[in-house]
Amino acid sequence: MSTATTEAPGRSTPEEPRIPAGQAAGISVLAFAAAVGVGHLVAGVVSPLSSPYQAVADTVVRIAPAPLVEFGKSLAFPGLPQGKADKVGLLLGVGVALVLVAVIAGLASRRTARPGRMTVGALGLVGLAAVVFSPVFTLPDVVAPLASVGAGLWSFRWLHEKAYARALGPNTFIEDLDGVSRRDMLISSAAVGVGAAGAGIGGYLLGAGVDITGSQTELAPLLRPTQPAPPIPEGADFVADGTPTFLTANQEFYRIDTALRLPAVAARSWSMRIHGMVDRELTITYADLLRRPLVERVVTLACVSNEVGGSLISTARFIGVDLRDLLVEAGVQPGAQQLYSTSLDGWTAGTPVDVVMEPDRGSMLALGMNGDPLPLEHGYPVRMVVPGLYGFVSATKWLADLELTTFQARSPYWLDRGWARFAPIKTESRIDKPRGFESVPAGQVTVAGIAWAQHRGVSKVEVRVDGGPWQQAQLATEVNRDSWRMWRAELTVPPGDHLVESRATDGTGAVQTALRADPVPDGASGWPIISFSAA
Ligand SMILES: Nc1nc2c(c(=O)[nH]1)N[C@H]1C(S)=C(S)[C@@H](COP(=O)(O)O)O[C@H]1N2
Ligand SMILES: [Mo]
């Protein structure tokens, strides 16, 4: 009984003293904040990926059911770039949940500190478990979660003793605490609060301080491809008619991922294992990759979540090493069906081994993009690129591990959430001009857009107005079959409202299907349709 020490023999307590509710809740919130802050600070020193708060949030993403993740992805906060709102939302959500638990634990601890301390301890275990079961756990990572629980327990006890002594009043029998003044209480609380905030901010700065930009500047000159991609020919886009530029600038490149924070691992400390069904397990550092021939390939990445007409598609010159060559060195064993890749933040993808190993597929581990080291948002230091497959089954960013295995043995992140196992990119087109509901002068109207069928190439695009006959569009110069192809067409339209549709034909002769499909499970389909008016 913890109250035993505070009650003198023979002293009658008609009403047991209790810490005022507000104060009890406040103490608890401060102690929780101290736990989070100290955990973050120590993680910043030891290893940025071991912060218990972040690890818990990551775990929520890793085990969250599909509807929650979809909901998250649909969130938008004003002022935040695409692909960021869900992350901020989740971190805030975990924060709010933590404050609620802290308040409840505080209110339950008005007489004795035990409920609060047990709650801090229990959450500490959750944080520890989240760190230990993270995909990139190493032993020193336990330090931050342990420091976090320690700080939480200590702060809770310290503040609670003082508050309880105050509640007992001046006759307290705990000598040290006799007559804890209001001022003393406030100063102690403020000390814990400021310490927690300082530690949290310190940890954030330390984590951000892994010198990524420095390391990227050092890398830039090392990423000269031994086999550069041919320059993009004149006439590869129809920008003047409203298409995107052929290459997408790194800052403009679409971004999709579940990462709550960008895993900040510098190239010089990066390494990865290739293991599982291989003859020789390989451990590869960034320097090992730089010693290999560097290839450069122009590839259009596309997201399976892209709606018809959507913008989740972009093109870059990727610099890196040939993935097939690397796997040949490891010796892929017969029966290995799936290349199961894990990212530093625990996301996973499963790529069919037979596709990755096709000699002319061009699968690669990319280190650079458009002449620069990969930006952090796009997978620095190392990501996978497999032309022709949607990103969720092939384009693992912040690569941490490659395992050769069977389909049976491992199920990747989005497969568990109802998306497909196999997801080659569908033959599609998009109309960029006219924009939806645009008014244009009647007569000659230019229609322009993009078409893609990565790894098969685009051989034809047709457009039609108001359900009339299909007319062949002019194709831009082909760059390669792994990237998009721009098109334009001159149509003559009378005044009034019109609908324009497009359809692409790929290099195998297959025509883009009219069948409308949602993005789930293996990509949207259907002809894009734009309504505009001519006057
Ligand atoms: N680590 C990690 N890699 C990932 C993802 C992710 O959530 N985590 N998303 C994938 C998906 S769904 C797509 S479409 C591409 C997008 O790559 P980009 O953001 O560089 O355009 O990354 C893939 N790689
Ligand atoms: Mo995606």
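Run down 434, 352 and say which single residue is touching a residue at least 24 places away in the same chain (Cβ under 8 Å), in the same structural domain as residue 264 (by TED's automatic domain parsing) and not aromatic (Phe, Trp, Tyr).
On the way: 434 fails: in the same structural domain as residue 264 (by TED's automatic domain parsing).
Sole residue among the options that is touching a residue at least 24 places away in the same chain (Cβ under 8 Å), in the same structural domain as residue 264 (by TED's automatic domain parsing) and not aromatic (Phe, Trp, Tyr): 352.
Would you point out the residue of the range 358-398, among those that are within 16 Å of ligand 2 (Cβ to nearest atom) and of a type in the set (Ser, Thr, Tyr), that is farthest from residue 224 (Cα to Cα)?
Here the answer is 390.
How about the range 240-250: which of its residues are open to solvent by 30 Å² or more (accessible area, probe 1.4 Å), in a loop (DSSP other than H, G, I, E, B) and either touching a residue at least 12 places away in the same chain (Cβ under 8 Å) or over 30 Å from residue 309 (Cα atoms) (or both)?
Matches in the range 240-250: 244, 247, 249.
Tell me, please, whether a residue that is in the same structural domain as residue 481 (by TED's automatic domain parsing), farther than 18 Å from residue 522 by Cα and touching a helix residue (DSSP H, G or I) at 6+ places or on another chain (Cβ under 9 Å) can be found in the range 440-447.
Going residue by residue through the range 440-447, those that are in the same structural domain as residue 481 (by TED's automatic domain parsing) are 440-447.
From the residues that got through so far, the ones that are farther than 18 Å from residue 522 by Cα too are 440-447.
Of the ones still in play, those that are also touching a helix residue (DSSP H, G or I) at 6+ places or on another chain (Cβ under 9 Å) are 446-447.
Scanning the range 440-447, I find at least one residue that is in the same structural domain as residue 481 (by TED's automatic domain parsing), farther than 18 Å from residue 522 by Cα and touching a helix residue (DSSP H, G or I) at 6+ places or on another chain (Cβ under 9 Å), so the answer is yes.
Give the range 306-344 a look and list any residue that's of a type in the set (Val, Ile, Thr), away from ligand 2 (no atom under 16 Å from the Cβ), open to solvent by 10 Å² or more (accessible area, probe 1.4 Å) and touching a residue at least 60 places away in the same chain (Cβ under 8 Å), or say none.
Start the filter on the range 306-344 by keeping residues that are of a type in the set (Val, Ile, Thr), which leaves 308, 313, 315, 319, 321, 328, 332, 342.
When the remaining residues are screened for being away from ligand 2 (no atom under 16 Å from the Cβ), the result is 319, 321, 328, 332, 342.
Now drop any that are not open to solvent by 10 Å² or more (accessible area, probe 1.4 Å), which leaves 328, 332, 342.
Listed by number, the residues that qualify are 332, 342.
Check residue 336 against each of (1) over 27 Å from residue 515 (Cα atoms); (2) in a loop (DSSP other than H, G, I, E, B); (3) within 16 Å of ligand 1 (Cβ to nearest atom) and name the one condition it does not meet.
(3)
For the range 281-296, give me each residue that is surrounded by fewer than 20 Cβ atoms within 10 Å (Cβ to Cβ), without any contact (Cβ under 8 Å) to a residue 60 or more places away in the chain and either within 16 Å of ligand 1 (Cβ to nearest atom) or of a type in the set (A, V, I, L, M) (or both).
282, 287
Please determine, by comparing only the residues of the range 302-333 that are more than 15 Å from ligand 1 (Cβ to nearest atom) and of a type in the set (D, E, K, R), which one is farthest from residue 243 (Cα to Cα).
Applying the filter and picking the extreme gives 329.
Taking the criterion of being outside any strand (DSSP E or B), open to solvent by less than 40 Å² (accessible area, probe 1.4 Å) and within 30 Å of residue 459 (Cβ to Cβ), would at least one residue in the range 400-416 satisfy it?
There is no residue in the range 400-416 that is outside any strand (DSSP E or B), open to solvent by less than 40 Å² (accessible area, probe 1.4 Å) and within 30 Å of residue 459 (Cβ to Cβ).
Given the residues 278, 299, which is the only one that is surrounded by fewer than 21 Cβ atoms within 10 Å (Cβ to Cβ) and either within 30 Å of residue 433 (Cβ to Cβ) or more than 16 Å from ligand 1 (Cβ to nearest atom) (or both)?
On the way: 299 fails: surrounded by fewer than 21 Cβ atoms within 10 Å (Cβ to Cβ).
Only one candidate qualifies: 278.
Given the condition among the β-branched types (Val, Ile, Thr) and surrounded by fewer than 18 Cβ atoms within 10 Å (Cβ to Cβ), answer yes or no: does some residue in the range 444-451 qualify? I'd like the intermediate steps shown before the answer.
Taking the range 444-451 and keeping what is among the β-branched types (Val, Ile, Thr), we get 445-447, 450.
If we keep only those that are surrounded by fewer than 18 Cβ atoms within 10 Å (Cβ to Cβ) too, we end up with 446.
Scanning the range 444-451 turns up at least one residue that is among the β-branched types (Val, Ile, Thr) and surrounded by fewer than 18 Cβ atoms within 10 Å (Cβ to Cβ).
Checking the condition touching a Pro at 6+ places or on another chain (Cβ under 6 Å), open to solvent by less than 50 Å² (accessible area, probe 1.4 Å) and not β-branched (Val, Ile, Thr), which residue from 267, 199, 229 passes?
267
The values are calculated or read from the model by the stated rules, or taken from the named source; none is laboratory data. The structure presented is a predicted model; accordingly, all values stated were derived computationally and were not measured. Cβ: placed from backbone, ideal geometry, glycine included. Neighbour counts: every protein chain shown. Heavy atoms of the whole protein, side chains included, go into the accessibility calculation; ligands, DNA and RNA do not. Shrake-Rupley method; radii C 1.70, N 1.55, O 1.52, S 1.80 Å.
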